[in-house]
1. Is it the case, given these coordinates, that Thr145 is within 19 Å of the chain's Cα centre (by Cα), part of a helix (DSSP H, G or I) and of a type in the set (Ser, Thr, Tyr)?
2. Yes or no: the stretch 178-186 includes at least one residue that is surrounded by 14 or more Cβ atoms within 10 Å (Cβ to Cβ), more than 18 Å from the chain's Cα centre (by Cα) and not assigned by TED's automatic domain parsing to the domain that holds Val64.
3. Restricting to the stretch 178-197, count the residues that are assigned to a helix (DSSP H, G or I) and not charged (D, E, K, R).
4. In a strand (DSSP E or B) and modelled with pLDDT of 95 or more, is that true of Glu87?
5. Out of the stretch 38-50, which residues are buried (at least 17 other Cβ atoms within 10 Å of the Cβ), farther than 24 Å from Lys187 by Cβ and within 22 Å of the chain's Cα centre (by Cα)?
6. If you go through the stretch 157-177 one residue at a time, do you hit one that is in contact with a helix residue (DSSP H, G or I) (Cβ under 6 Å, 6 or more places away or on another chain), within 23 Å of Gly241 (Cβ to Cβ) and assigned to a strand (DSSP E or B)?
7. Only one of Val165, Val140 is within 30 Å of Lys36 (Cβ to Cβ) and either surrounded by 15 or more Cβ atoms within 10 Å (Cβ to Cβ) or over 15 Å from the mean Cα position of the chain (by Cα) (or both); which?
Amino acid sequence: MFSLPALALGLAMSAAPAAKDTKLYEMRVYYAAPGKLDALHARFRDHTLKLFTKHGIANGGYFVPVGENKENKLVYFLSYPDRKAREESWKAFIADPDWKAAAAASEKNGKILTKIEAYYLSATDYSPELKIAAASPERVFELRTYIATKGNLENLNARFRDHTVKLFEKYGMTNVIYWNYAKGENKDKSKDDLMLVYLLAHKSQDAAKASFDGFRKDEAWIKARMESESKGGGSLTEAKGGVLSEFLKPTDYSPLK
């Protein structure tokens with residue numbers, strides 16, 4: 001008869017590895033016309049999310065910048081089984097009479113949007129499983145975008161895979177999801193081998209600052225950074241604009257909070 005420790009070890013050894021996340025993600029950034037952001041929120045809250053679900057589009061997180069939203073910006077992400085499913089779902093969504101009615105009603109006093117940006121993303125092999133849930137108390141999210149130096153995206157991914165993600169956890173940061181640009185899916189395909197985009201969650205902006213202060217002083221991080229830069233021939237991210245950070249708060253209708 002197996003002892004409990006031996007049995008537990010056997011179960012752990014025989015457990016199948018977590019399935020790779022093969023979904024196509026889409027991050028969309030909407031810029032509302034002056035005075036129209038509330039109308040945009042109302043349209044999403046009352047109509048769009050439900051219609052996305054109806055047509056097989058999975059809602060992720062919906063966010064606005066922390067503090068003054070000078071650009072009237074809404075940032076959100078969706079997911080699909082693949083690009084074909086994405087196109088079929090959006091075609092059905094756009095043609096839906098309920099969507100047409102909601103869009104027309106929301107724009108009776110003028111267009112809501114001035115600009116839309118869209119980026120197609122794939123989860124990295126080290127990304128944790130995305131858990132769409134609300135947390136209490138509500139968290140602050142940080143969207144971080146890295147532009148790798150030429151030929152160094154895999155070195156950057158390796159550093160995150162082997163070191164950074166674990167160290168973030170050590171310092172109280174929650175790893176939400178990590179993406180690279182989906183190859184061949186974006187208009188600017190030259191960035192496919194350069195981009196790392198990820199989402200962290202913090203208790204607050206002050207907590208985020210304290211976490212990063214500790215992380216940057218950690219000897220394991222300093223060693224990992226030096227070794228990765230030695231292997232990559234220098235910095236793994238571009239010197240100018242290579243690391244961007246934006247703090248976001250979830251909207252009241254965001255599934256992810």
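The values are calculated or read from the model by the stated rules, or taken from the named source; none is laboratory data. This is a predicted model, so every value here is computed, not measured. Cβ placement follows ideal geometry from the backbone for every residue including glycine, while neighbour counts extend to all protein chains displayed.
1. Judged against the criteria, Thr145 is not a match.
2. Checking the stretch 178-186: not a single residue is surrounded by 14 or more Cβ atoms within 10 Å (Cβ to Cβ), more than 18 Å from the chain's Cα centre (by Cα) and not assigned by TED's automatic domain parsing to the domain that holds Val64.
3. Residues flagged as assigned to a helix (DSSP H, G or I) and not charged (D, E, K, R) within the stretch 178-197 amount to 1.
4. no
5. Correct list: His41, Phe44, Leu49.
6. no
7. Among Val165, Val140, only Val140 is within 30 Å of Lys36 (Cβ to Cβ) and either surrounded by 15 or more Cβ atoms within 10 Å (Cβ to Cβ) or over 15 Å from the mean Cα position of the chain (by Cα) (or both).
One line per residue, one yes/no per condition, for (1) modelled with pLDDT of 95 or more; (2) of a type in the set (Ser, Thr, Tyr):
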site: Tyr171; (1), (2): yes, yes
site: Val176; (1), (2): yes, no
site: Tyr181; (1), (2): yes, yes
site: Ser190; (1), (2): no, yes
site: Val197; (1), (2): yes, no
site: Leu256; (1), (2): yes, no
